[in-house]
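*Asks:* Pasting a structure below so you can have a look.
The values are calculated or read from the model by the stated rules, or taken from the named source; none is laboratory data. Since this is a predicted model, take the numbers as computed values, not measurements. When we count neighbours, we look across all protein chains shown, and the Cβ atoms used for this are built from the backbone with ideal geometry, even at glycine. Surface accessibility is based on the protein's heavy atoms, side chains included, excluding ligands, DNA and RNA. Shrake-Rupley method; radii C 1.70, N 1.55, O 1.52, S 1.80 Å.
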Amino acid sequence: YEIMPSLVGSEMCIRDRLALAKAVAYPPTGFAGLTRRTGKKPIIAACNGHAHGGGFEIVLNSDLVIAAEHADFKLPDSARGTGALCGGLPRLARILTLQRAMLLALLTYTLSAQEAMEWGIVQKVVPADDLIKEAVKMASGIAAMSPDSIIVNRAGIRQGWETASVEHASTLIWDTYAKKLMLGENAIEGMQAFKEKRRPVWKPSKL
């Protein structure tokens, strides 16, 4: 039997489209449900090993990052013929200098845990055995704060990080949260507890 070249090309095109669709078929929240996540709760990444490719992109979208001493970070896409398409590239440019971001993206430079801390991606480097304990300790510290304040302060920082205008970010956060936050029961409780020199008893956030 003879197969017409046009049919072969058509079948290959369909296969290619299906493969591409499968490769980029992530939920609205992005790769692993995290790289484009817009939830209100802080994300703490605890890295114990290689955070390469998508793993590194998850780290770059996390609010806080703790790494084991042997952990490392890398975007290998330029050596694979692919691209860091889940937000890693613009986030690198925001977090680092242009040239450091280019070093990671173009030369697939492997960043050690210590370098990642020096460059501002990682906040703390600990022995592997202490990694989860430190992550839980950090999460417990956040959980001890006003849940309303955590939501608003996180949103304000992220808005400033993701937009070009400080004034626009400030106005947006003010218009969205100022009245609800400052007149809310947790703000009242926090100030009262400060006045009475006691620990505040927070209520679940309604924001």
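*Asks:* Within the set LYS74/LYS179; LYS137/LYS197; LYS74/LYS180; LYS40/LYS124; LYS124/LYS180; LYS74/LYS133, which residue pairs have Cα atoms separated by over 31 Å?
*Replies:* LYS74/LYS179; LYS74/LYS180; LYS124/LYS180
*Asks:* Also: Under 1.5 on a/c is rounded, so check that first for the stretch 70-168, then, if it is not, pick prolate when a/b is larger than b/c and oblate when it is not; a ≥ b ≥ c are the square roots of the alpha carbon gyration tensor eigenvalues.
*Replies:* Since a/c reaches 1.5 but b/c is at least a/b, the shape of the stretch 70-168 is classed as oblate.
*Asks:* Order 85-91, 62-68, 74-80 from most to least packed using the mean count of other Cβ atoms within 10 Å.
*Replies:* 62-68, 85-91, 74-80
*Asks:* Stretch ALA79-ARG199 to full length: gain in nm at 0.36 nm per residue minus the Cα-Cα span?
*Replies:* That works out to 37.9 nm of additional length.
*Asks:* Could you give the accessible area per residue of the stretch 162-207, probe 1.4 Å, as a whole number in Å²?
*Replies:* It amounts to 84 Å² per residue over the stretch 162-207.
*Asks:* What whole-number value in cubic angstrom gives the convex hull volume per residue for the C-alpha atoms of the stretch 42-108?
*Replies:* 82 Å³
*Asks:* Over the Cα atoms, compute the radius of gyration (one decimal) and Dmax (the largest Cα-Cα distance, rounded to a whole number) for the stretch 18-131, in Å.
*Replies:* Both quantities, over Cα of the stretch 18-131: 13.9, 44 Å.
*Asks:* Scan the stretch 45-140 for GluC sites (Glu not before Pro) in coil per DSSP, keeping those whose Cβ has at most 14 other Cβ atoms within 10 Å, and list them by number.
*Replies:* GLU69
*Asks:* Would you compute, from DSSP H runs of 4+ residues alone, the mean residue ellipticity of the chain at 222 nm, taking -39500 (n - 2.57) per run and dividing by the full residue count, rounded to the nearest 500?
*Replies:* Value at 222 nm, helices only: -16000 deg cm²/dmol.
*Asks:* Report, ordered by chain and residue number, the aspartates and glutamates lying within cross-link reach of LYS206, taken as a straight Cα distance under 17 Å and ignoring same-chain residues fewer than 8 apart.
*Replies:* Once the sequence-local aspartates and glutamates are set aside, what remains near LYS206 is ASP148, ASP175, GLU185, GLU189.
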